[in-house]
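What follows is calculated from the coordinates using simple rules that are stated; it is not laboratory data. Here the structure is a predicted model, which is why all the values come from computation and not from measurement. Using ideal geometry, Cβ is built from the backbone for each residue, glycine included, and neighbour counts are taken over all protein chains shown.
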C-alpha cells in the first residue's frame, strides 16, 4: 500500500513538472523570438531573463530525471 501511494505521488509530481517544463520552454521560445517580451519580467530584464528561465528549466529537468530514476530503483 505504501509503495503504491509513493508511486502515485511521484507520478503526479512527474506529470506536474513535465507540464511546467513544457510551458516554460514555450515561454523561453517566445522570449527569444520576440525580444520585447524580455522586458516583461519585472525583476530581471533583457537577456538575463532568458538565462534565468533557462536555469529554471535545467533545474526542473534534473528533478524530472531524478523522479524517473527513482522508479527504476523500486523494481
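Among the residues here, residue 61 does not qualify as in contact with a helix residue (DSSP H, G or I) (Cβ under 9 Å, 6 or more places away or on another chain) and at positive phi. Exactly one residue out of 56, 47 is surrounded by 10 or more Cβ atoms within 10 Å (Cβ to Cβ), free of Cβ contacts under 8 Å to residues at least 12 places away in the same chain and out of contact with any helix residue (DSSP H, G or I) (no Cβ under 6 Å at 6 or more places or on another chain): that is 47.
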